[in-house]
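*Asks:* Starting off with a structure, shown below.
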Amino acid sequence: MKDRTGAIVRAEQERYLGKLLPPRDEIVAEMERQAADEGIPISDPEVGRLLELLARGTRARRIVEVGCAIGYGALHLARGAAEAQVVSIDFDAARLERARGFLERAGVADRVELLHGPAREVLAALDGPFDLAYVDAAKEEYRHYLDLLLPMMTVGGTLVFDNLLWKGWIAEPPAGEEDAATRAIEAFNPYLMMHPQMTAVILPLGDGVGLATKTKPTILEQGGPW
Ligand SMILES: C[S@@+](CC[C@H](N)C(=O)[O-])C[C@H]1O[C@@H](n2cnc3c(N)ncnc32)[C@H](O)[C@@H]1O
């Protein structure tokens, strides 16, 4: 969901691109309605579509999402890759419960494992390999998520990071003191772009989406390298 219209691309472009998006099916539309009504942070519709097409295009077999909320991203990932197993993490049990309901109605619940807990702890206990990862939880922790995820990713695997232009505040910081999330994303973006094991790009889609591929294995990967 967009917090600030026109913060990333001009408002007219945003409206135009929004109008081009095909109507969503009943379940996805209900998720979007509930999120808007209750202020639940879910991915932008165009980011949902990107996830679906990446899941399909990469032929991912194992996918991990960091930050599930009510299952909007997880549903797009599962629909994109019809054979894939998806693991999605959140520390909000009530949101995971709602995600479960939507995923059951959509007929993909048997392929989506919802894991409850702080993302860093859950990630540290996971086993790879994963072909696709979507990072969308605490902005202050993105670097930790990446460091935990990278050894579990296959070489050639794809990583997606939401909110890397963070309401437009990374390029144009608001007057006054920056919040912790802004500072964290500011530090994270060059780390991602210059990382020796990845090739990455940041797209002005939604709230800014980082797209990266793992190009080199990690030395001493647990059980790997993949
Ligand atoms: C932006 S929402 C995720 C949206 C979801 N990816 C989607 O596509 O709709 C971020 C979620 O991350 C969860 N979260 C934030 N910090 C977390 C943490 N440290 N550990 C686990 N979950 C966290 C929040 O509870 C929230 O539901």
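*Asks:* Quick check on segment 25-58: of everything there that is part of a loop (DSSP other than H, G, I, E, B) and without any contact (Cβ under 8 Å) to a residue 24 or more places away in the chain, which residue is surrounded by the fewest Cβ atoms within 10 Å (Cβ to Cβ)?
*Replies:* Ranking the candidates gives G39 first.
*Asks:* Also, I was wondering about something else. Given (1) within 14 Å of the ligand (Cβ to nearest atom); (2) more than 17 Å from the chain's Cα centre (by Cα); (3) part of a loop (DSSP other than H, G, I, E, B), identify the lone condition not met by A69.
*Replies:* (2)
*Asks:* Filter segment 76-97 for residues that are more than 14 Å from R61 (Cα to Cα) and of a type in the set (D, E); which is most open to solvent (accessible area, probe 1.4 Å)?
*Replies:* Out of the qualifying residues, it is E97.
*Asks:* Right, something else. Can you tell me which residue among G206, G168, G176, G156 is on the phi > 0 side of the Ramachandran plot, free of Cβ contacts under 8 Å to residues at least 12 places away in the same chain and either in contact with a Lys or Arg (Cβ under 9 Å, 6 or more places away or on another chain) or open to solvent by 60 Å² or more (accessible area, probe 1.4 Å) (or both)?
*Replies:* Within the list G206, G168, G176, G156, the selection yields G176.
*Asks:* If you don't mind, another one. Only one residue in G48, G39, G71 is on the phi > 0 side of the Ramachandran plot and touching a helix residue (DSSP H, G or I) at 6+ places or on another chain (Cβ under 7 Å). Which one?
*Replies:* G71
*Asks:* Still on this model: All but one of (1) over 18 Å from V160 (Cα atoms); (2) in contact with a strand residue (DSSP E or B) (Cβ under 9 Å, 6 or more places away or on another chain) hold for E104; state the number of the condition that does not hold.
*Replies:* With respect to (1) over 18 Å from V160 (Cα atoms); (2) in contact with a strand residue (DSSP E or B) (Cβ under 9 Å, 6 or more places away or on another chain), E104 is out only on (2).
The values are calculated or read from the model by the stated rules, or taken from the named source; none is laboratory data. None of these values were measured; they are calculated from a predicted model. Heads up, the Cβs are rebuilt from the backbone with ideal geometry, glycines too, and the neighbour counts pull from every protein chain shown. Ligands, DNA and RNA are stripped out before the accessible areas are found, and what is left, the full protein with its side chains, is counted by its heavy atoms. Shrake-Rupley method; radii C 1.70, N 1.55, O 1.52, S 1.80 Å.
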